[in-house]
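The structure appears right after this line, and notes come after that.
The values are calculated or read from the model by the stated rules, or taken from the named source; none is laboratory data. All values derive from a computational prediction rather than experimental measurement. Glycine gets a Cβ as well: all are built from the backbone with ideal geometry, and neighbour counts include every protein chain shown.
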Amino acid sequence: MPVSSALVFGTPADDGRASLPRAMVARGHHSTATERERLRAGLGAQFDVLAREVTRVLAQHPGLRVPLPGTGPDAVVADLVAVRAYAIGDRAATAAVLREPPVDGDPAFLACLTSGLQRLPCLRGPVFAGAAPQRVPAYTPGDLLVEPTFLTARTARVHAPVEYAICASTARLVGVLGVDRHPPSAGSASRPRDEEVLFETRTTFEVLDVEPLSPTGVRVYLREPGTGRNPSTADTLLHRLRTRAGAAVPGGAAVPGGAARAGAAPLGGDGKGRLYRARRPSTRESSNIQPDAQWRQA
């Protein structure tokens, strides 16, 4: 995707703090029987079609059947149906709902989707996303940001006017469901395997650094809080991210389709370039987070 010459960059002086939209579903939510029933009713005949596809996947990957706390075996299919429906559906429409929640909206689909993501394999390591917003926020190292939508990223670099290189610790691999919009590449010694991942809504990211990209783009380096809290660890993660960002796509070839969308809101921000800032966790809260994420060689 070519870099736009019409990017408008904010500054710390004019970049306000946006009010985070109301949460329609909590992070880590496990679906209830009522929510799964409403999901089935909402999807209608599509539910049965998707359920058959999910059942075939479960036969190939029985590990996905492990129940979440407080849920029974019947919840597995419904939760993964929601993930599959989201992955092949209109993701932009779902993002719009999360950014401007309707007063009387039914959160059953989002509840099952959130629950379903927790059943998928977790990837810890570098992932990449991109956007082409009308206004780029004034990202500053040390910022803690909250992303209100289900963020899509890939394990190979995504070329876009605004690129994001992220040290992930909670990203979920969706390829196991056979719904990766760009089938994973096999990978090689010089080119990492390319797979799609999703983050839950309201994931928090910390800005590590920001650097310009020729001619008018920008790359933002981030990590999920908990992937190393001391400066030396942050420097190590940043070095690894820079290395992978430079080597992810040899020769500068763009990932087909990528994870960038023209006009999309920037990560951790709204359409006006304002940031959804988060408070820093207390020492007690931080102690409950794993100090270092393992880097999986994708």
Check your understanding: Under 8 Å by Cβ, and 6 or more places apart or on different chains, what pairs join a residue from region 67-81 that is touching a residue at least 12 places away in the same chain (Cβ under 8 Å) and surrounded by fewer than 21 Cβ atoms within 10 Å (Cβ to Cβ) with one that is of a type in the set (Lys, Arg) and part of a helix (DSSP H, G or I)?
Key -> Asp74/Arg36
Check your understanding: Do the conditions hold for Leu39, that is, is it modelled with pLDDT of 95 or more and either farther than 26 Å from Thr170 by Cα or not charged (D, E, K, R) (or both)?
Key -> yes
Check your understanding: What pairs come up if the first residue lies in region 187-212 and is surrounded by fewer than 16 Cβ atoms within 10 Å (Cβ to Cβ) and assigned to a strand (DSSP E or B), the second is modelled with pLDDT under 95 and among the hydrophobic types (A, V, I, L, M, F, W, C), and their beta carbons are under 8 Å apart, counting only those six or more places apart or on different chains?
Key -> Glu211/Val218; Pro212/Val218
Revision key, fill the gap. From the option list Thr94, Thr140, Thr55, single residue qualifying as closer than 23 Å to Ile166 by Cβ and part of a helix (DSSP H, G or I) is Thr94
Exercise for review: Note down all Cβ pairs under 6 Å where the first residue falls in region 31-47 and is closer than 11 Å to Asp79 by Cα, the second is assigned to a helix (DSSP H, G or I) and modelled with pLDDT under 95, and they're at least six residues apart or on different chains.
Suggested key: Ser31/Ala75
Practice item. Within region 231-275, count every residue that is part of a loop (DSSP other than H, G, I, E, B) and at pLDDT below 60. Key: 12
Check your understanding: Based on what the data block shows, is Phe109 over 26 Å from Thr243 (Cβ atoms) and in contact with a helix residue (DSSP H, G or I) (Cβ under 8 Å, 6 or more places away or on another chain)?
Key -> yes
**Study point:** Candidate set from region 5-36 (those that are small (Gly, Ala, Ser) and crowded, with 17+ Cβ neighbours inside 10 Å); member that is modelled with the lowest pLDDT
**Key:** Gly10
Point to revise | Tally, over region 64-80, of residues that are of a type in the set (Gly, Ala, Ser), farther than 14 Å from Leu117 by Cβ and modelled with pLDDT of 90 or more | key: 0
Exercise for review: Considering only region 133-169, state which residues are over 16 Å from the mean Cα position of the chain (by Cα), surrounded by fewer than 22 Cβ atoms within 10 Å (Cβ to Cβ) and aliphatic (A, V, I, L, M).
Suggested key: Ala138
Practice item. Filter region 179-208 down to residues that are on the phi < 0 side of the Ramachandran plot and at pLDDT 75 or above, then give me how many there are. Key: 14
